[in-house]
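Here the structure is laid out as structure tokens; the discussion comes afterwards.
A short reminder: the numbers here are calculations on the coordinates, not readings from a lab. Please read these numbers as outputs of a predicted model, since none were measured by experiment. We place every Cβ from the backbone using ideal geometry, glycine too, and count neighbours over all the protein chains shown.
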Amino acid sequence: MADKEGPDVEHVVGEVEKNANEVWRVSLARFRGHNLANLRGFVIRGRDGGRVNIATRNGVVIRPAQIPQVIELLQRAHAEAKARGLLDVVTGARGHG
């Protein structure tokens, strides 16, 4: 995604289950000439054979250069949540090749 002039594209990195009907999707995208990192909520419709994910308004978009800073803050938040006993059972993430 180094070329900023190419068409709008999205590469899905993976998903984390939010609940039985929603997932958080992590993706890298190019939109209107800008490279972006995206964490977006999706509602799942149809399970058996025809799964469709519908994007919600919930999410966050940052520049890819900001990913290390966000990771650092999330790691600090995770350590603090752990220290305060706030962590529940952790669900797995599904990566997209």
Rounded to the nearest 20 debye, what is the charge dipole size of the stretch 9-87 about its Cα centre when +1 sits on each Lys and Arg Cβ and -1 on each Asp and Glu Cβ? 180
With a 10 Å radius around each residue's Cβ, average the other Cβ atoms per peptide and rank 19-28, 71-80, highest first. 19-28, 71-80
For labels at LEU86 and ARG32 in the simple 7 Å Cα→Cβ model, what's the distance in nm? 3.4
Given labels modelled 7 Å from the Cα in the Cβ direction, how far is it in nm from ARG63 to GLU10? 2.3
What is the local net charge at GLU10, summed over the other residues whose Cβ is closer than 14 Å to its Cβ (Lys, Arg +1; Asp, Glu -1)? +2
